[in-house]
1. Tally up the residues in region B:98-119 that are surrounded by fewer than 24 Cβ atoms within 10 Å (Cβ to Cβ) and among the hydroxyl-bearing types (S, T, Y), please.
2. Scan region A:243-274 for residues that are acidic (D, E), farther than 15 Å from A:P150 by Cβ and at pLDDT 90 or above and jot them down.
3. How many of the residues making up region A:172-193 are assigned to a helix (DSSP H, G or I) and buried (at least 19 other Cβ atoms within 10 Å of the Cβ)?
4. Restricting the search to region B:233-258, which residues are of a type in the set (S, T, N, Q) and more than 20 Å from B:P91 (Cα to Cα)?
5. Restricting region A:40-97 to residues that are under 16 Å from the mean Cα position of the chain (by Cα), acidic (D, E) and surrounded by fewer than 17 Cβ atoms within 10 Å (Cβ to Cβ), which is farthest from A:S222 (Cα to Cα)?
6. With respect to A:V144, determine if the residue is buried (at least 18 other Cβ atoms within 10 Å of the Cβ) and under 24 Å from A:K48 (Cα atoms).
7. Mind listing whichever residues of region A:146-163 are part of a helix (DSSP H, G or I) and either touching a Phe, Trp or Tyr at 6+ places or on another chain (Cβ under 8 Å) or within 10 Å of another protein chain (Cβ to nearest Cβ) (or both)?
8. Kindly check whether there is at least one residue in region B:180-192 that is away from every other protein chain (no Cβ under 13 Å) and touching a strand residue (DSSP E or B) at 6+ places or on another chain (Cβ under 6 Å).
Number of protein chains: 2
Amino acid sequence: MLRPVTSVSMAAPTLSTISGLHHGASPLLRARTSSTMCACMPSLAHRKVARELVAEAEARLLPSAVPADVLEFRNSTGTAVGMLDVRRGVPASSIDFMLYSSLHCKVPNGAIDITSVLISLNALSDAPHFLMEFIQGSPSSMVVILDLLPRKDLALHPEYIVKYYENTGLDKQRENIEELPQTRPYRSPSLFVRSACSPTALSVTIDCGHGGESTLEEIVSSHLASAVKEVLQIWLHSCAGQTSEMEDAEREIMVRRDQAVRLKSIEVDLTANLPKMFGPDVSSHVIAEIRKAFG
Amino acid sequence: MLRPVTSVSMAAPTLSTISGLHHGASPLLRARTSSTMCACMPSLAHRKVARELVAEAEARLLPSAVPADVLEFRNSTGTAVGMLDVRRGVPASSIDFMLYSSLHCKVPNGAIDITSVLISLNALSDAPHFLMEFIQGSPSSMVVILDLLPRKDLALHPEYIVKYYENTGLDKQRENIEELPQTRPYRSPSLFVRSACSPTALSVTIDCGHGGESTLEEIVSSHLASAVKEVLQIWLHSCAGQTSEMEDAEREIMVRRDQAVRLKSIEVDLTANLPKMFGPDVSSHVIAEIRKAFG
């Protein structure tokens, strides 16, 4: 059951696709879409975790910046439904944008549900971006990526590792989840995606086996929700709030690197996969909004 | 039993310490040291793999460049014995040096045996360095690191990933070993070491459990030996033989990066650990030879 998951999403560092209630839409829009989406997009434990995460970051974000047909979209045959929200950071904030998406897509043996949140910082700061991604391929198993994406070449900048990864105790959160007997390492098929992640990235498959639906739900609602909250708090505290002194040349390399990672992740993740699920028209409309956010 | 292993070696990207027969010493020296060392340094399957690896690369290397008391050294109480060999590449080659080391150190519950081979390229090429490290903490378990260490920031250079890691099929070798039921992922406690490795790095603990000595020996002599040979062949074919066109600025960054990785790895791995095993005098003598190689 997990095969189609990995072929649909590359678990790219910047993501993708679509579900659930979304914040930031106008009340009218929210009422319309939530009633429509409840019929199609299952209310999974992982979607609740994502909604709570987005709510936590909300105070630092401007209202939604995407049109209604991107806040919710579906394919022509009704087998796939998605949502994408893009929110800019409040003025003078070091948050560039948040990209929040969820997707539900029927496949021959069931469905795939992918939810991801990327909160990207701007060039006022060199601190890592926040990334969370859930790829649920069955009611009892899913892939989880949770990371603060580095913005510098870590081998050349050991001080960056110390500041953002060692001193923050991030590795402990990874260990807490990897200790669960239901997890095993998940390797993105894309070597680029693996390279873009930090040394403390959580990247696992949680597989609760046949009949393990409620076990998965429990793991997601307790252990995983708690790890996500901790990592977000670390990020809000040590990354999102601050600006960084940098030389111009250094900042230029960082901006170039950010841009390269974004471009490559669109290529790996979206342009390869969204059209298969939503057809070329819907996909290109959604991808255009993501490109706009990426600048 | 594995605890002391990870505290002694950081499984650093550039390594360290010492055993077995070594190539490149004068026949007189070889005769003397091999008879001495046979008494102290156990003839493990992993040492045979390392010797065969070094023999394979030999045609591209000059004779040994280190003094006799570095080719073999021991601590004052006789509980630890080590060897270090450094060989330069033949003239006009893109090989800078090979650092081959092995160590045997008694600990309260047994012994630790660490063997590592680093073959480092010079600035004529941007191709990855070759690294292999075995850290054997008991007769039935060991840590294995096998990687081609990247010399560029991979997130900024996707073409480098394609050239040296995708097109060479390196990931298959990692998979072959990770598929074995006796392996589990090994995470270096050093986040820096994790960051210096490539996305196709093999980094595992092979644990054959109580009474699993012969199983480990078999895995090392068959699966592991074969993966090491394959990765070396890939490296000799796609990396060691060639030079790379680069702009001066690009080359300068690469040289700076190489230097940073080397310096940091000496700090993480050697200056922290060798003195504990061999005392300050022997250690500083050995470390001086490594620094000389590192330039």
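1. Adding up the residues that qualify gives 0.
2. Looking only at region A:243-274, we keep the residues that are acidic (D, E), and these are A:245, A:247-248, A:250, A:252, A:258, A:267, A:269.
Next, only the ones that are farther than 15 Å from A:P150 by Cβ stay: A:245, A:247-248, A:252, A:267, A:269.
Listed by number, the residues that qualify are A:E245, A:E247, A:D248, A:E252.
3. Step one: of region A:172-193, the residues assigned to a helix (DSSP H, G or I) are A:172-178, A:191-193.
Subset that is buried (at least 19 other Cβ atoms within 10 Å of the Cβ): A:173-174, A:177, A:191-193.
So the answer is 6.
4. In the first step, residues of region B:233-258 are kept if they are of a type in the set (S, T, N, Q); the result is B:233, B:238, B:242-244.
Selection gives B:Q233 alone.
5. Once the filter is applied, the top-ranked residue is A:E58.
6. Working: buried (at least 18 other Cβ atoms within 10 Å of the Cβ): yes; under 24 Å from A:K48 (Cα atoms): yes.
Yes, satisfied.
7. In the first step, residues of region A:146-163 are kept if they are part of a helix (DSSP H, G or I); the result is A:158-163.
Listed by number, the residues that qualify are A:P158, A:Y160, A:I161, A:V162.
8. Initial filter on region B:180-192 (away from every other protein chain (no Cβ under 13 Å)): B:180, B:182.
Next cut, touching a strand residue (DSSP E or B) at 6+ places or on another chain (Cβ under 6 Å) only: B:182.
Yes, the conditions are met somewhere in region B:180-192.
The values are calculated or read from the model by the stated rules, or taken from the named source; none is laboratory data. For clarity, every value in this text was computed on a predicted model and none was experimentally measured. Here the Cβ is made from the backbone with ideal geometry for all residues, glycine too, and neighbour counts use every protein chain on show.
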